[in-house]
Amino acid sequence: MIVTTSNPISWIARALRTGETSLLPGKLPAYTRLDAATKEAAVRRGVGRTTVQPFSNGDAAGTDLEEPVNLIVKGPLPRLQATLEQAGWVEAQSRSLPHYLHTALSALFKLGNYNGAPVSQQFLDGRGEALALNKNSDHNRARDHLRVYALPADPVTGEQRWGIAATRDIALSLTTKGHVDLGHAIDYGVDGERDQIMADLLRVGVKQWAAVRGVRPQAKDVQVPGGVLAGGKYLTDGLVYEVSLTSR
């Protein structure tokens, strides 16, 4: 049973008393949607093309599929970071005790809205993220967040490639049954976050992009080519956005 409450003390007390999952939700603006005609044009540009769609993992060994990489960007990492920051994204700080304490004070007592709060460690092909950013944080009870991973260079042009795995945290989640599990509940409709990031990139001047079909790993509980991913955790139309920052 999952119980939702707006009071942080009740949130903790109920989880401790029952052991069941308790949610402390935040408030976020509606997703920024892509214009339908703009998205349709991108789909036409990507007709007949596919790309391998990796998944981030919860551990370096890669035993658990976590978040799908749904944007692949070509260009230098500093340019990608600068472009996202121009669109309002804030770099997540390192995973250190002071930053976690800052996050806890923000989340529990709303003592400052800490937009640069750390994100949990995830991996892609055994490597941690090169960059993580947040946006629209509601005291870290809810937020948009993304992780950027290094991908193999473009085999034709030699350009650097980066995979973005992005989801929207909608509530803090606490479970105490057997062991304490503290994290975020997410919006399983991952296309909303993907489209919001693409809308942000377009707004700050990115022009070259296409929507291509993602080819998913043939792993347990992953359905291809579209629909439900990773044990029913995600819903998607199966598209991956390929973006170039070298032509703007």
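Just so you know, all these numbers are worked out from the coordinates, no wet-lab data involved. Predicted, not measured: the structure shown is a model, and the values here were computed from it. Note that each Cβ is placed from the backbone with ideal geometry, even for glycine, and that neighbours are counted across all protein chains shown.
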>> Running a GNM on the chain with Cα contacts under 10 Å, which residue among Lys177, Lys74, Lys207 ends up with the highest mean-square fluctuation?
In response: Lys177
> With r defined as the distance between the Cβ atoms of Thr246 and Lys27 and R0 fixed at 41 Å, what FRET efficiency is calculated, to the nearest 0.05?
Replying inline: 0.60
> Exposure proxy check: Lys27, Lys39 ranked by fewest other beta carbons within 10 Å?
Replying inline: Lys27, Lys39
>> If I stretch the segment between Val156 and Leu111 completely, what's the gain in nm (0.36 nm per residue apart, minus their alpha carbon distance), one decimal?
In response: 11.2 nm
> To the nearest 0.05, what FRET efficiency results for Ala60 and Leu182 with a Förster distance of 22 Å applied to their C-beta separation?
Replying inline: 0.55
> Leu97 versus Arg45, label points 7 Å from Cα toward the beta carbon: distance in nm?
Replying inline: 4.9 nm
>> If I model a spin label at Val3 and Glu20 as a point 7 Å from the Cα along the Cα→Cβ vector, what separation in nanometres do I get?
In response: 0.7 nm
>> Using a Gaussian network model on the chain with a 10 Å cutoff between Cα atoms, which of Ala41, Ala30, Ala82 fluctuates the most?
In response: Ala30
> Separation of segment 1-40 and segment 117-178 by C-alpha centroid, Å?
Replying inline: 18 Å
> If you count the DSSP beta bridges with both ends in the chain, what percent of them are antiparallel, to the nearest 5?
Replying inline: 80 percent
> Could you give the angle, 0 to 90 degrees to the nearest 10, between helix 77-86's Cα long axis and the longest principal axis of the Cα atoms of the chain?
Replying inline: 60 degrees
>> Distance cut-off 19 Å, Cα to Cα: go down the list Lys110/Lys177; Lys39/Lys233; Lys74/Lys207 and report the pairs above it.
In response: Lys110/Lys177; Lys39/Lys233
